[in-house]
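Novice: First the structure, then my questions, so here it is.
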Amino acid sequence: MKSPRRRAREFALQGLYQWQLAGHDVPAIEAHLAGAGGFDKIDRALFDLLLRGAIAEAAELQALIEPQLDRAYAELSPVERAILLLATFELKRHVEAPYKVVINEAIELAKSYGGTDGHKYVNGVLDKLAVLMRPEEAARPNRAKKSKSLEEQ
């Protein structure tokens, strides 16, 4: 069973995908997604933060992502771009979520919605970004908490 946070990230990904391809504004995207099955089970606050924030800061997020890529940003699939925007925003603005959780969630999204090996690419880019964006957290020794699963973050 998917947690409300995982569902929020999935719906935010769908919203970013729509925004990239159709150019719809946030209210139109939210209205469309609100009618989808399972939307009532999301963490609405996280969804709002991620969708609105990633769209509002897309140019700045893209500027952070591009130096970590081995190809032009435009050459990425729309799904990979959306996942990277979402996760980069979360690394930057949702510091309550540990960076490893952000990366893991992005990998899971890429496995579910992306191309065959897209999750590997997303993982590599986000690993580099995490060190740049959260250097103190990335430098800490690995002390995994067993009381909370990654999905609960």
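Novice: Determine, yes or no, whether residue 87 is of a type in the set (A, V, I, L, M), in contact with a helix residue (DSSP H, G or I) (Cβ under 9 Å, 6 or more places away or on another chain) and under 18 Å from residue 49 (Cβ atoms). Lay out the reasoning, then the answer.
Specialist: Working: of a type in the set (A, V, I, L, M): yes; in contact with a helix residue (DSSP H, G or I) (Cβ under 9 Å, 6 or more places away or on another chain): yes; under 18 Å from residue 49 (Cβ atoms): yes.
Considered against the rule, which asks whether it is of a type in the set (A, V, I, L, M), in contact with a helix residue (DSSP H, G or I) (Cβ under 9 Å, 6 or more places away or on another chain) and under 18 Å from residue 49 (Cβ atoms), residue 87 comes out as yes.
Novice: Here's something else I'd like to know. In the list 70, 48, 40, which residue meets the criterion of being of a type in the set (D, E, K, R), surrounded by fewer than 16 Cβ atoms within 10 Å (Cβ to Cβ) and over 30 Å from residue 127 (Cβ atoms)?
Specialist: 40
Novice: In region 51-153, which helices (runs of 4 or more DSSP H) lie fully inside it and hold 3 or more residues that are modelled with pLDDT under 95 and not hydroxyl-bearing (Ser, Thr, Tyr)? Full working, then the answer.
Specialist: Numbers: elements: 58-65, 78-93, 99-113, 118-133, 135-139.
Correct list: 135-139.
Novice: Applying the selection to region 16-46, what residues are within 19 Å of residue 62 (Cβ to Cβ) and outside any loop (DSSP other than H, G, I, E, B)? Break it down stepwise before answering.
Specialist: Initially, region 16-46 is screened for residues within 19 Å of residue 62 (Cβ to Cβ), giving 16-26, 29.
Matches in region 16-46: 16, 17, 18, 19, 20, 21, 22, 26, 29.
Novice: Turning to a different aspect of this structure: What are the pairs with Cβ atoms under 7 angstrom where one residue, in region 42-71, is among the acidic types (Asp, Glu) and the other, located anywhere, is part of a helix (DSSP H, G or I)? Sequence gap at least six, or different chains.
Specialist: Partner pairs satisfying both residue conditions: 43/4; 43/5; 43/8; 57/89; 66/73.
Novice: For region 1-41, how many residues meet the condition of being without any contact (Cβ under 8 Å) to a residue 24 or more places away in the chain and either touching a Lys or Arg at 6+ places or on another chain (Cβ under 6 Å) or of a type outside the set (Asp, Glu) (or both)? First the steps, then the outcome.
Specialist: If we filter region 1-41 for residues that are without any contact (Cβ under 8 Å) to a residue 24 or more places away in the chain, which is where we start, we get 1, 14, 18, 22-25, 27-35, 37, 40.
Next, only the ones that are either touching a Lys or Arg at 6+ places or on another chain (Cβ under 6 Å) or of a type outside the set (Asp, Glu) (or both) stay: 1, 14, 18, 22-24, 27-29, 31-35, 37.
Qualifying residue count for the region: 15.
Novice: Give me the pairs, please: first residue somewhere in region 104-130 and within 19 Å of residue 92 (Cα to Cα), second residue anywhere and hydroxyl-bearing (Ser, Thr, Tyr), beta-carbon distance under 7 Å, and either six or more positions apart or on two chains.
Specialist: Correct list of pairs: 129/88; 130/99.
Novice: Do we have residue 13 as within 30 Å of residue 140 (Cα to Cα) and either polar (S, T, N, Q) or not in a loop (DSSP other than H, G, I, E, B) (or both) here?
Specialist: Numbers: within 30 Å of residue 140 (Cα to Cα): yes; either polar (S, T, N, Q) or not in a loop (DSSP other than H, G, I, E, B) (or both): yes.
So residue 13 passes the test.
Novice: Within the bounds of region 94-109, is there any residue that is within 15 Å of residue 11 (Cα to Cα), out of contact with any Gly (no Cβ under 7 Å at 6 or more places or on another chain) and surrounded by fewer than 17 Cβ atoms within 10 Å (Cβ to Cβ)? Walk me through how you get there before you give the answer.
Specialist: Of all residues in region 94-109, those within 15 Å of residue 11 (Cα to Cα) come to 105-106, 108-109.
Narrowing further to those that are out of contact with any Gly (no Cβ under 7 Å at 6 or more places or on another chain): 105-106, 108-109.
Remaining after also requiring surrounded by fewer than 17 Cβ atoms within 10 Å (Cβ to Cβ): none.
Checking region 94-109: not a single residue is within 15 Å of residue 11 (Cα to Cα), out of contact with any Gly (no Cβ under 7 Å at 6 or more places or on another chain) and surrounded by fewer than 17 Cβ atoms within 10 Å (Cβ to Cβ).
Novice: When region 77-93 is examined, which residues are found to be of a type outside the set (Lys, Arg) and surrounded by fewer than 17 Cβ atoms within 10 Å (Cβ to Cβ)? Reasoning before the result, please.
Specialist: Keep residues of region 77-93 that are of a type outside the set (Lys, Arg), which gives 77-80, 82-91.
Correct list: 77, 78.
The values are calculated or read from the model by the stated rules, or taken from the named source; none is laboratory data. Nothing here was measured: the structure is a model prediction, and the numbers come from that model. No Cβ is skipped: glycine too gets one built from the backbone with ideal geometry, and neighbour counts run over all protein chains shown.
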